[in-house]
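Written below as C-alpha cells is the structure these notes are about.
Readers should treat all values here as calculations from the given coordinates under stated rules, not as data from a laboratory. Given the structure is predicted, the values throughout are model-derived calculations rather than measurements. Virtual Cβ from ideal backbone geometry, glycine too; neighbours counted across all protein chains shown.
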Amino acid sequence: MYDLVIVGAGPAGSTAGRYAARRGLKVLLLDRRKEIGVPIQCGEYVARDDEVRAIFPSLDGLGDLMEAPRRVRQIDTDVIRIWSPGGRHWDIPFRGYTVRRDEMDQGIADQATTEGAELQTETTVYRVRGSDVSTNHGTVSGTVIIGADGPSSSVARSIGLPLPVVGPAMSCTIDGDFSSVTDLFFGNLAPGGYAWIIPKGPCANVGLGTWQHFRGRLDTLFYKFLDQRGLPHSRGTGGYVPVEGPVSRTVKGNVLLVGDAAGHVMATNGGGINVSMICGRIAGEAAADHVLQRVPLETYETTWRAAVGPPLDRGRRIKRFADRFFGNDRLLEIAMAFLGARRMARAIRCQPLFVGI
Ligand SMILES: Cc1cc2nc3c(=O)[nH]c(=O)nc-3n(C[C@H](O)[C@H](O)[C@H](O)COP(=O)(O)OP(=O)(O)OC[C@H]3O[C@@H](n4cnc5c(N)ncnc54)[C@H](O)[C@@H]3O)c2cc1C
C-alpha cells in the first residue's frame, strides 16, 4: 500500500512525485514508456520564470520548480515572430528557452526518485477503482491516486471525470543554421492552430498543431509546411494538445488529475510544460497535506484554480474568439492586422484583449 500512486511520469506526474516524496510520502510513479520522455512529442519550448510570473500573477514563488528544464536548456529565444497567412509578421518580445525534452522529463523523474519516490516503467495502467490501480503487472494500491497520464487519461475515463478537448500536433528536429527567433505561422496551413520553427542551436524543432475540428491527415499538412519552408523531410512524432484549457472538475474521491489530463495548457499558445509543473507541485503538496494532516483533497482544485485558473480561462475565451477567424485566411489576415503586435502579445500571455475577452 502506497500513500500516493501517480499514473504518468511526464512533467506533471514526476513533479507531483518529487514534492510529495520530499514531504515523506511513500510514492509510486508508473509509466507505460520503456524510457521516460521517449519519443519526444513536443516543440521543446519553455517560458522563462519572469514570463510565467507575468502570466500568472497570483502564483507564489517558483522556487526550485524549474531546475531540471534549466539544466537541459539549449538556447534562449527572446522574440516570437508571428506570421500572417499573407506573409506579414510582427515581433513579440517574449522570453523563453529551448530544451532537450527527453532529458528534461528524465531529469524531473530523477528528482522524484532522489526525493524517495519509486519509479516503475513499462507499466500500463488500465483502470482505477477506489484505491486499486490495475496495471499489466498486477494491481497496486494507493491512499491517493494522481492521474497525470496525458490528454486521453485512462484514470479520468475510468472514474468518470471529463477529458480535455484536444487537437492533433506533430513535430520533428531538423539540423541547420537557424536564428534565435521563434517563428509561428498562422493560417490554413495549420487551421485553428499554427506551425512553428523553434530554434535549438544547431537545429530547430519544426512542427504544426491544429484544432479539434481538424479531420484530415496531419502529416500531409506537416510535409506541405516543410516543403513551403524549403526544409528537408524528417519523420515527425505527434500527439494531442488540450486546446480549450482546463476540464470542469479535477478531483473525485481519492483521485486528482493534473497536467494534460486536467487540460492544464494555455489555449492561446499550446504551452503545457510550465503549467503542468506548477500544478504538479500543487497536486503533490495536496496529496501530502491529505495523508499527513487530513486536509480534504478538494483543496487541490481550489488551490490550482487560484494560482493559474483565471489566465487559463481567459486563454480559452481568447482562443474561442480567434476560432471565428481561423479557417478563412482573408478574414484572419484582417483580424491579425487589427490586433497588431500589442494585442497579440497580450493574447500569447492570456491577458485581456477587449472588455469581456
Ligand atoms: C507535438 C506537441 C508539441 C508541444 N510543444 C510544446 C512546447 O513547445 N512547449 C510546451 O510548454 N508544451 C508543449 N506541448 C504540450 C506539452 O507537451 C504537454 O502539455 C506536457 O507534456 C504535459 O505534461 P504531462 O505530464 O501532463 O503529460 P505527458 O508529458 O503527456 O506525460 C504523460 C505520461 O503518462 C504516460 N501514460 C499515459 N497513459 C498511461 C497509462 N495508461 N499508463 C501508464 N502511463 C501512461 C505517458 O507515457 C507519459 O509519459 C506540446 C505537445 C505536443 C503534442
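I'd like to know how the range 2-348 sits against the 2.2 N^0.38 Å rule of thumb: what's its Cα Rg over that expected value?
0.96
Working from Cα positions, state the angle (0 to 90°, nearest 10) between the long axis of helix 273-293 and the longest principal axis of the chain.
Between the helix axis and the principal axis of the chain, the angle is about 20 degrees.
Please give the per residue volume of the convex hull enclosing the alpha carbon atoms of the range 205-357, rounded to a whole number of Å³.
Cα-based convex hull of the range 205-357, divided per residue, equals 144 Å³.
Using mean Cβ contacts within 10 Å as the protection proxy, how do 220-233, 172-185 order, highest first?
Taking the mean over residues of other Cβ atoms within 10 Å, the ranking is 172-185, 220-233.
With angles folded into 0 to 90 degrees, how steeply does helix 11-22 sit against the dominant principal axis of the chain? Use alpha carbons for both and round to 10.
Rounded to the nearest ten degrees, it is 30.
Using only Cα atoms and rounding to the nearest 10 degrees, what angle (0 to 90) does helix 218-228 make with the longest principal axis of the chain?
Result, in degrees: 40.
Among THR121, VAL166, GLN41, pick out the residue whose Cα is farthest towards the positive end of the charge dipole of the chain, where Lys and Arg carry +1 and Asp and Glu carry -1 on C-beta, about the Cα centre.
It is VAL166.
Taking amide H atoms as placed 1.01 Å from N in the peptide plane, list the residues 5 or more away in sequence, or in a different chain, whose amide H sits under 5 Å from that of GLY150.
Amide H neighbours of GLY150: ASP260, ALA261.
Would you compute the Debye intensity of the range 181-256 from its alpha-carbon atoms alone, equal scatterers and no solvent, and pass along log10 I(q)/I(0) at q = 0.11, 0.14, 0.22 Å⁻¹ to two decimals?
-0.37, -0.54, -1.03
Let me spell out the model: positive unit charges on the Cβ of Lys and Arg, negative unit charges on the Cβ of Asp and Glu, origin at the Cα centre of the chain. What dipole size does that give, in debye rounded to 20?
960
Below 11 angstrom from the Cβ of PHE354, what's the summed charge of the other residues (Lys, Arg +1; Asp, Glu -1)?
Every neighbour counted, the sum reads +3.
Putting +1 on Lys and Arg Cβ atoms and -1 on Asp and Glu Cβ atoms, find which of VAL72, LEU189, LEU231 reaches farthest to the positive end of the dipole of the range 2-348.
So the residue furthest toward the plus end is LEU189.
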